[in-house]
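Take a look at the structure set out below.
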Amino acid sequence: MEPSTKMRIAALADLHHGRSDVNLKELFQAVTAQADILLLCGDITDHGLPDEAKSLAEEINRHLHVPALAVMGNHDYHSDQSELVDEILGSAGVNVLNGDSVEIGGVGFAGACGFAGGFDRWTLHPWGERAIRAFVQAAIDEVLKLEMALSRLDTTSRVVLLHYAPIRETVVGEPLEIFPFLGSSRLEDPLNHFKVSVAFHGHAHKGTHAGQTSTGVPVFNVSMPVLRATFPKRLPFHVIEVERDT
Ligand SMILES: [Fe+2]
Ligand SMILES: [Fe+2]
């Protein structure tokens, strides 16, 4: 049989392992059957605890039989043990991207957590108190990481994993008051500049599943609660196909 020219990518976010009641055996077996790779877009654990990561790593080892890539979410940083969480997930074969890129099966992947700061002309600017300037700098640093990661890819298809939203459209549904904490338009620029094929994010649990950047890059909010609300009859992961270089 000819090798497929398409890669089936399954993505989900906000697993929050440690408080989640999702059936991981059923989930990972379905991903293995329906996709060539799994992307975990942050808030993999609920409190960023090594024990949560260990328990998830065991389930992945048992039931997931396709490669997995991930980015950290804010919850994964909460216990200041993200390096250990990264290492434990790595032991189960999950490659956690933090401003890194990787090519798998003729498709390029770039990932970073991203950060908050708001959208469009209401984006927070680095002006005033030191705390505000540091907050905005944290968003700019994530943008630079994503740009560096994308600049290293020369594949036809380039796929981005984020935790925070790069556009406003996919956080709609959340209370307006918290939009600035759900993502940053600063993250949209690299998606447009590098003509990314598709970007996935989570974090906005009550957001909107699908949107696009100003130049038409498809953006999917794959937060599990969003997927459950959008596709109530499916298991909470989203599969899309991209061209792979052969
Ligand atoms: Fe979350
Ligand atoms: Fe989050």
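A few remarks follow.
- Among residues that are modelled with pLDDT of 95 or more, of a type outside the set (S, T, N, Q) and within 16 Å of ligand 1 (Cβ to nearest atom), Leu49 is included.
- Criterion: buried (at least 19 other Cβ atoms within 10 Å of the Cβ), within 24 Å of Ile37 (Cβ to Cβ) and in contact with a Gly (Cβ under 9 Å, 6 or more places away or on another chain) - qualifying residue of Val196, Val160, Val136, Val217: Val160
- Among the helices (runs of 4 or more DSSP H) confined to the range 132-246, the ones with at least 3 residues that are of a type outside the set (Val, Ile, Thr) and within 16 Å of ligand 1 (Cβ to nearest atom) are located at 179-182, 224-230.
- Against the criterion of being at pLDDT 95 or above and buried (at least 24 other Cβ atoms within 10 Å of the Cβ), Leu146 qualifies.
- Matching residues, the range 220-241, being of a type in the set (Gly, Ala, Ser) and either away from ligand 2 (no atom under 16 Å from the Cβ) or surrounded by fewer than 23 Cβ atoms within 10 Å (Cβ to Cβ) (or both): Ala229
- Filtered by the rule that a residue be of a type in the set (A, V, I, L, M, F, W, C) and either in contact with a Leu (Cβ under 6 Å, 6 or more places away or on another chain) or within 16 Å of ligand 2 (Cβ to nearest atom) (or both), the range 32-52 gives Leu39, Leu40, Cys41, Ile44, Leu49.
- Of all residues in the range 68-108, those being charged (D, E, K, R), assigned to a helix (DSSP H, G or I), buried (at least 17 other Cβ atoms within 10 Å of the Cβ) and away from ligand 2 (no atom under 16 Å from the Cβ) number 1.
The values are calculated or read from the model by the stated rules, or taken from the named source; none is laboratory data. The model shown is predicted, which means the values in this text are computed figures rather than measured ones. Ideal geometry is used to build each Cβ from the backbone, glycine not excepted, and the neighbour counts take in all protein chains shown.
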